[in-house]
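Take a look at the structure below.
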Amino acid sequence: MDRKIRKPTQKRSLEKFNRIVDAAFKLFNEKGYYNTTTADIAKEANVATGSVYSYFQDKKDIYIQVLDKINSSFDYPTKDFWLKNNTEPINNYIVFKDIFSEFLKIMILCHNFSNTFHDDMKALELLDEDISSAINENDLIRTQKIYEIFDILHIPFKSEFDSDIFMHYSNLLVDDVCHKVVYDNTSKDIDLYIDRCAEMLYSLFKASTTYKE
């Protein structure tokens with residue numbers, strides 16, 4: 001289904017649009033997607049329900065916009081971090097671990113959505129074609145951003161295939177640590193999880209690049 005969100009350009013209208021998205025994000029985190037109505041979102045945003053429909057077709061459209069907002073929130077802090085550290089000798093084990101440990105902490109902070117939101121997102125990805133398509137599109141954008149960071153760091157990968165492998169497994173490792181720390185209350189030693197993840201990333205990094213020992 002072709003879903004067209006009407007994002008305004010005028011300042012006052014854009015402020016109202018953003019209030020709706022922020023209100024939806026808050027309620028989806030607190031109550032969950034299924035327990036939140038468009039009227040709830042309008043009330044939280046302090047706008048008329050009709051105003052919501054002037055920008056969005058339905059609650060699903062709002063949810064997709066929330067997903068886009070979350071995806072964008074990862075961009076600037078991560079890119080700025082790597083721009084700041086792009087001259088560091090990351091082929092050095094100690095430097096690599098220090099930098100990637102700091103990066104992991106930034107990524108954990110970026111996961112500022114609740115367990116309820118996370119579980120709903122995983123379920124909706126399977127159950128709703130439009131939301132699944134939006135998530136896949138955001139994943140493609142995220143992948144492109146990662147390759148841009150590789151270029152910033154001038155990483156000498158052995159091949160394009162090695163670059164793809166490092167991107168794939170580093171994504172899995174970083175996401176897994178973030179989810180473990182944020183959503184698993186049984187995690188006792190967060191620093192240890194971060195440290196072990198940085199070690200695994202370094203092993204993968206060394207295997208994928210032409211850096212010499």
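Every number here is computed from the coordinates shown, using simple stated rules; none is lab data. Note that the structure is a prediction, hence the values are computed from the model and not measured. Here the Cβ is made from the backbone with ideal geometry for all residues, glycine too, and neighbour counts use every protein chain on show.
Brief remarks on what is shown
- Under 17 Å from the Cα of LYS11 - aspartates and glutamates, other chains or at least 8 residues apart: ASP22
- Pair ARG6, LYS158: separation of 7 Å Cα→Cβ label points (nm): 5.5 nm
- Equivalent ellipsoid, region 11-57 (semi-axes from 5 times Cα gyration tensor eigenvalues, Å): 18, 11, 8
- Over region 13-112, the ratio between the Cα radius of gyration and 2.2 N^0.38 Å evaluates to 1.46.
- Efficiency of FRET from Cβ geometry, LYS212 and THR37, R₀ 45 Å, rounded to 0.05: 0.15
- Dipole magnitude of the chain about its Cα centre (Cβ charges: Lys, Arg +1; Asp, Glu -1), debye to nearest 20: 780 debye
- Put a dot 7 Å past the Cα of LEU140, heading toward its Cβ, do the same for GLU30, and the two dots end up 3.6 nm apart.
- Near THR209, the amide H atoms lying under 5 Å from its own belong to LYS158; only residues 5 or more places off or on other chains count, and H is placed 1.01 Å from N.
- Sequence ranges 34-42, 69-77, ranked by mean other-Cβ count within 10 angstrom, highest first: 34-42, 69-77
- Euclidean distance between Cα centres, region 177-213 to region 1-56, Å: 37 Å
- Stretchable slack from LEU192 to ASN18, in nm (0.36 nm times residue separation minus alpha-carbon distance): 58.8 nm
- With the charge dipole of the chain set up from +1 on Lys and Arg Cβ and -1 on Asp and Glu Cβ about the Cα centre, the Cα lying farthest toward the positive end among the listed residues SER170, LEU27, SER133 is that of LEU27.
- Mean projected area of the convex hull spanned by the Cα atoms of the chain, taken over all viewing directions: 13.5 nm².
- Of LEU201, PRO156, ILE146, farthest towards positive along the dipole that unit charges on Lys, Arg, Asp, Glu beta carbons give the chain: ILE146
- For the listed peptides 187-193, 133-139, 23-29, a ranking on the average number of other beta carbons within 10 Å per residue, highest first, reads 23-29, 133-139, 187-193.
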